[in-house]
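J.: First the structure, then my questions, so here it is.
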């Protein structure tokens, strides 16, 4: 499993547009082959900073999504709303400590 985290900082006036676009596409993204989990987080103190947290079966599945028309459409719209360059990273879970 691959964990993908993308942190995005938006121009404050573009937050609503981003949220509306995410709402339109979240089910399609979550149901894309290989996507096992999708969350959207908002920074507690800076309300124009959002993070997507997703689980993918593999890096190949993530790359298939990134090469898709769905991703290209969503990302082209989203990146026009940024105030800063986004940060993305991919990781794998080594261990989960449960209570």
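Each reported figure results from applying straightforward, stated rules to the coordinates on display, with no laboratory input. Everything numeric here is computed off the predicted structure, so don't read it as measured data.
J.: For the chain, find the longest principal axis of its Cα atoms and tell me its angle to the long axis of helix 15-30, 0 to 90°, nearest 10.
T.: It works out to around 30 degrees.
J.: Of the residues 16, 51, 78, which exhibits the maximal mean-square fluctuation in a Gaussian network model of the chain defined by a 10 Å Cα contact cut-off?
T.: Residue with maximal mean-square fluctuation among 16, 51, 78: 16.
J.: A further question follows. Working from the pairwise distances between different alpha carbons, so that the mean of 1/r is found and then inverted, what is the chain's Kirkwood radius in Å? Numbers along the way, then the final one.
T.: Details: mean 1/r = 0.0704 Å⁻¹.
Taking every pair of different Cα atoms in the chain, averaging 1/r and inverting gives 14.2 Å.
J.: Continuing with this model, one more query. Tell me, in nm to one decimal, what length is gained between residue 7 and residue 66 on full extension, where the rule is 0.36 nm per residue of separation less the Cα-Cα distance?
T.: Length gained between residue 7 and residue 66: 19.6 nm.
J.: Another question, then. Could you work out how much longer the chain between residue 59 and residue 92 gets when fully extended? Use 0.36 nm per residue separation minus the Cα distance between them, nm to one decimal.
T.: 10.9 nm
J.: Ignoring everything except DSSP H segments at least 4 long, calculate the 222 nm mean residue ellipticity for the chain; use -39,500 (n - 2.57) per segment, divide by total residues, nearest 500.
T.: So the helix-based figure for the chain works out to -11000 deg cm²/dmol.
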